[in-house]
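The values are calculated or read from the model by the stated rules, or taken from the named source; none is laboratory data. It should be emphasised that the depicted structure is a prediction, and the values quoted were computed from it without experimental measurement. Positions of Cβ are backbone-derived with ideal geometry, glycine not excepted, and every protein chain shown enters the neighbour counts. Ligands, DNA and RNA are stripped out before the accessible areas are found, and what is left, the full protein with its side chains, is counted by its heavy atoms. Shrake-Rupley method; radii C 1.70, N 1.55, O 1.52, S 1.80 Å.
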Amino acid sequence: MVSSSAQGEATVAAQSVLPFPSRWADISGYRMHYVDEGQGPVVVLLHGNPTWCYYYRNLIVHLREAFRVIAPDYIGCGLSEHPAGVHFRALDRVQQVAMLLERLGINRYSLVLHDWGGPIGTGLAVRCAEKVDKLVYFNTTLTDVSALPPVIKWSAAPVIGRFLTETTKFFLHLTVHLGAVRRLSPEVRRGYIFPYRSLRSRRAICDFVADIPFYENHPTYEQMTDIAARMPKLRDKPVKIIWGLRDLCFHRGMLERLKLHFPQAEVMELEDASHLVLEDGGEKVLSAVSEFLQRSSSKVSPGEDGASQSDAPANALYANYSAQAAERSTAPAVIVGSFTKNGVECRECSFGRFAWKVNSYQRGLAALGLRAGDRVLMLVPPGIEFLALSYAVMGRGAVPVYLDPGMGRENLKRCIIDAAPDALIGTRKAQIVWLMKRTLCPQLRFSVVADRLALFGFKNLRFLGSFSGAALAPAAPEPVCLIAFTSGGTGTPKGVIYTNDMVRAQLEIFRAVFRIEAGKKDLPLLPVFALFSLASGVCSVIAPIDPAKPIEIDPGQVAALVDKLKINYSFGSPILWGKIAEFCRNHRIFLPSLDGVFVAGAPVSREVLRQIENVAINAEAATPYGATEALPVTYVSSKEIFSSPEAAAKTGEQGTLVGKAVAGVEVRIIKLADAALDAGEMEELPLRHVGEVIVRGPNVSREYLRREEETRQAKIIDGKSFWHRMGDMGYLDERGNLYFCGRKTHMVRTEKRVYYSVPTERLFNNHPRVRRSALVSLADGSAGIVVEPYAGCFPHEERQRQMFAAELA
């Protein structure tokens with residue numbers, strides 16, 4: 001604390017330099033100096049480094065006739081207390097200014113910001129945007145420090161930096177001698193240097209420079225990314241940017257990047273002004289600030305596309321993700337789990353930091369020539385980069401294209417030809433394959449290696465990450481949100497076109513039916529679901545799974561990840577979750593944090609559901625039914641499955657209960673037809689008759705990419721709407737429940753009857769020695785069954801095999 005006598009001496013000394021009465025407030029136990037002049041609407045002036053409120057002396061005189069002007073000195077700066085052994089970061093200074101304004105009872109104000117006052121004032125503004133009327137920026141940076149000149153980076157180095165900023169007055173003299181085009185008078189130079197004459201008084205100058213987040217693990221980097229994520233909150237504010245173009249530090253390139261934050265801003269460029277804009281600009285600048293602050297607020301000016309940023313449309317997934325990122329910038333967005341000899345290790349990325357990465361990648365992709373409507377082939381393994389690159393593509397109005405890496409080489413080739421991508425983002429292996437097989441995508445304009453390591457002739461993540469991660473207005477999108485190819489498990493993979501309307505409907509279903517809540521954690525064992533998690537405000541946890549060989553998952557690692565991070569949800573196939581549940585049962589492991597385990601992608605046996613319930617003791621296990629083209633169609637919980645009597649088909653088949661249609665979706669059963677159908681040719685079957693499953697709803701895809709014949713076969717036009725043929729067989733019961741009987745392509749038709757895969761295999765799977773089975777068609781046209789016995793149950797002797805076969809028959 002500063003004694004009253006010391007304060008009095010400082011006040012007397014300051015009056016010889018500062019032409020206003022000095023005031024002090026006790027902030028967090030330290031005395032903060034400020035100027036408070038005039039009456040009227042409040043304008044707060046925040047200085048930079050190594051200046052103080054003295055920088056604004058002429059502007060204060062100009063504004064105090066119409067405004068109440070508050071100009072504080074940060075603690076450690078100017079005439080405020082310079083505490084020994086105390087170091088402040090940007091967030092501390094944001095909080096100190098907020099406390100001062102609260103102490104003065106100020107709830108509405110405009111901000112005038114210069115140099116590092118820019119990020120400090122903006123950090124304040126994004127936290128209480130409702131209190132801010134207007135913003136004026138002089139030469140500054142908000143979220144882009146990579147383009148600062150070498151002298152600033154040297155000044156941030158531990159040894160040389162302290163010498164330049166604290167031990168000597170080098171940094172101060174650099175500012176007062178090179179910061180203005182017009183030579184400052186000796187009196188003015190002395191005014192700037194006045195509070196920083198002693199070694200101790202320059203500690204804050206050193207701290208300011210050391211606090212510049214030049215690298216990602218810097219303590220203030222999170223603050224910078226948080227500002228970037230919250231910037232949309234200021235998109236409706238009137239903004240004036242006044243820039244000295246001869247500034248050696250904050251050069252024209254940084255002006256252009258600041259303008260990206262505020263497409264609505266008025267910009268005043270000064271050819272004959274440097275860093276200390278108010279010293280060079282004179283009456284012209286003072287009048288411009290006063291006129292702007294006194295002018296009545298008007299509607300946000302349109303951007304280049306003719307629409308305001310707030311009204312600009314966006315890709316449906318990107319729009320939802322952006323809203324969540326702005327709302328919860330400090331919450332975890334993605335956590336990547338890995339395993340070492342020491343156990344589980346996790347790398348966490350907040351929504352704010354993730355947004356910075358996405359925006360940086362957007363600018364990099366735009367620099368490479370990415371345009372709205374371009375199709376981008378995404379051959380990127382699951383993880384933070386997969387998600388960030390996907391959202392960066394969508395943010396520019398382009399369309400990401402996803403393939404199942406396990407579909408096989410020939411299917412991959414066919415899908416790439418169908419996708420006809422304009423750009424490729426993929427692993428180094430994918431780039432080498434493309435170099436060897438350029439005929440697969442001859443129209444490719446550019447390619448990016450999804451890695452920070454270099455590959456000769458290719459741009460990589462290091463290049464994309466070199467751009468500013470500041471918030472930017474979304475590009476107007478095409479109607480298509482993304483394209484996802486089917487797995488090819490029952491035929492040639494096809495590209496499913498996800499429209500924005502379709503995705504919006506899916507997000508609403510996940511919220512309402514699956515009860516997905518923002519702020520929780522999800523473990524998506526099907527990687528594409530991570531995109532939907534982020535768009536729902538849910539943290540996506542990435543497990544160490546090879547997407548091409550998911551069956552090789554280590555269930556112990558997954559269980560450890562769920563337990564350590566207290567994961568709330570998980571989407572996965574019955575094979576994966578059956579393996580995890582079996583491991584947990586055998587090792588007496590329980591997963592109480594789970595609220596929901598959603599198992600889909602194949603029929604789910606009651607045994608798998610019971611195992612999941614026994615280990616995820618607080619979770620609702622559920623089996624949604626759907627397909628890439630229609631996700632989801634029905635939903636049923638394990639509780640409903642176990643409490644409801646099963647209804648068999650009239651012909652005796654017992655299908656797998658997959659529940660009732662979700663809200664907005666209709667399900668019908670029609671007579672099987674091998675050819676394309678018109679609506680008038682559909683023959684709807686009675687309840688509990690096995691037939692072909694068709695669905696319609698807002699979450700159903702209308703067409704396949706570049707596959708007109710397959711679209712004609714799969715879609716039934718019905719007036720202005722359409723039905724999608726699921727390619728599955730099933731029946732409905734009297735309560736509206738759907739029972740799944742297997743894929744059409746898995747049926748075996750004999751002279752006597754039709755066998756459906758699920759009911760048939762279910763019978764054989766009930767044998768105590770059979771782990772799983774498969775219905776097959778034999779060469780003579782009859783039906784056969786292939787069984788896999790449990791380990792140790794395979795009969796090796798001929799007589800034992802005959803007895804086993806007889807039991808099965």
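Structure values in brief
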quantity: Cβ pairs under 7 Å, 6+ apart, first in segment 119-134 and free of Cβ contacts under 8 Å to residues at least 12 places away in the same chain, second surrounded by fewer than 23 Cβ atoms within 10 Å (Cβ to Cβ); calculated: none
quantity: Subset of segment 480-532 that is in contact (Cβ under 8 Å) with a residue 60 or more places away in the chain and charged (D, E, K, R) - its residue that is nearest to Gly408 (Cα to Cα); calculated: Lys494
quantity: Whichever residue in segment 52-66 is at pLDDT below 95 and part of a loop (DSSP other than H, G, I, E, B) and, among such residues, is least open to solvent (accessible area, probe 1.4 Å); calculated: Ala66
quantity: Per-region count, segment 556-606, residues farther than 14 Å from Ala621 by Cβ, of a type in the set (A, V, I, L, M) and open to solvent by 10 Å² or more (accessible area, probe 1.4 Å); calculated: 5
quantity: Whichever residue in segment 651-680 is under 19 Å from Tyr731 (Cα atoms) and acidic (Asp, Glu) and, among such residues, is surrounded by the most Cβ atoms within 10 Å (Cβ to Cβ); calculated: Glu653
quantity: Residue in segment 215-235 that is open to solvent by 60 Å² or more (accessible area, probe 1.4 Å) and in contact with a helix residue (DSSP H, G or I) (Cβ under 6 Å, 6 or more places away or on another chain) present; calculated: yes
quantity: Cβ pairs under 6 Å, 6+ apart, first in segment 386-403 and over 13 Å from Arg363 (Cα atoms) and open to solvent by 10 Å² or more (accessible area, probe 1.4 Å), second outside any loop (DSSP other than H, G, I, E, B) and not polar (S, T, N, Q); calculated: Tyr402/Met378; Tyr402/Ala484; Leu403/Cys415; Leu403/Phe485
quantity: Selection from segment 629-660 of residues that are more than 25 Å from Phe722 (Cβ to Cβ), in contact with a Ser or Thr (Cβ under 9 Å, 6 or more places away or on another chain) and assigned to a loop (DSSP other than H, G, I, E, B); calculated: Val636, Glu653
quantity: Residue pairs meeting the criteria (Cβ under 9 Å; at least 6 apart or on separate chains; first within 16 Å of Leu278 (Cα to Cα) and assigned to a strand (DSSP E or B), in segment 242-268; second among the charged types (D, E, K, R) and open to solvent by less than 10 Å² (accessible area, probe 1.4 Å)); calculated: Gly244/Asp280
quantity: Some residue of segment 179-199 being surrounded by fewer than 18 Cβ atoms within 10 Å (Cβ to Cβ) and closer than 19 Å to Ser360 by Cβ; calculated: no
quantity: Qualifying residues in segment 609-650 (those that are small (Gly, Ala, Ser) and over 23 Å from Ala581 (Cβ atoms)) - the one surrounded by the fewest Cβ atoms within 10 Å (Cβ to Cβ); calculated: Ala648
quantity: Selected residue [open to solvent by less than 90 Å² (accessible area, probe 1.4 Å) and free of Cβ contacts under 8 Å to residues at least 60 places away in the same chain] from Ala779, Ala714, Ala791, Ala783; calculated: Ala783
quantity: Test: residue in segment 140-153 that is among the aliphatic types (A, V, I, L, M), more than 25 Å from Arg252 (Cα to Cα) and either modelled with pLDDT under 85 or in contact with a strand residue (DSSP E or B) (Cβ under 7 Å, 6 or more places away or on another chain) (or both); calculated: no
quantity: Tabulated pairs, segment 446-465, first at pLDDT 90 or above and buried (at least 18 other Cβ atoms within 10 Å of the Cβ), second part of a helix (DSSP H, G or I) and aromatic (Phe, Trp, Tyr), C-beta under 7 angstrom, 6+ apart or interchain; calculated: Ser447/Trp434; Leu464/Tyr361
quantity: Test result for Glu709, closer than 30 Å to Asp418 by Cβ, out of contact with any helix residue (DSSP H, G or I) (no Cβ under 6 Å at 6 or more places or on another chain) and assigned to a helix (DSSP H, G or I); calculated: yes
quantity: Breaking point among (1) surrounded by 18 or more Cβ atoms within 10 Å (Cβ to Cβ); (2) over 38 Å from the mean Cα position of the chain (by Cα), for Pro768; calculated: (1)
quantity: Single match in Glu734, Glu751 (criterion: open to solvent by 40 Å² or more (accessible area, probe 1.4 Å) and modelled with pLDDT of 95 or more); calculated: Glu734
quantity: Members of segment 202-247 found to be closer than 24 Å to Gln264 by Cβ and of a type in the set (Val, Ile, Thr), listed by number; calculated: Thr225, Ile227, Val239, Ile241, Ile242
quantity: Residue count for segment 34-49, restricted to those that are in a loop (DSSP other than H, G, I, E, B) and open to solvent by 20 Å² or more (accessible area, probe 1.4 Å); calculated: 4
quantity: Of all residues in segment 67-99 being among the acidic types (Asp, Glu) and within 19 Å of Ser22 (Cβ to Cβ), the one that is most open to solvent (accessible area, probe 1.4 Å); calculated: Glu81
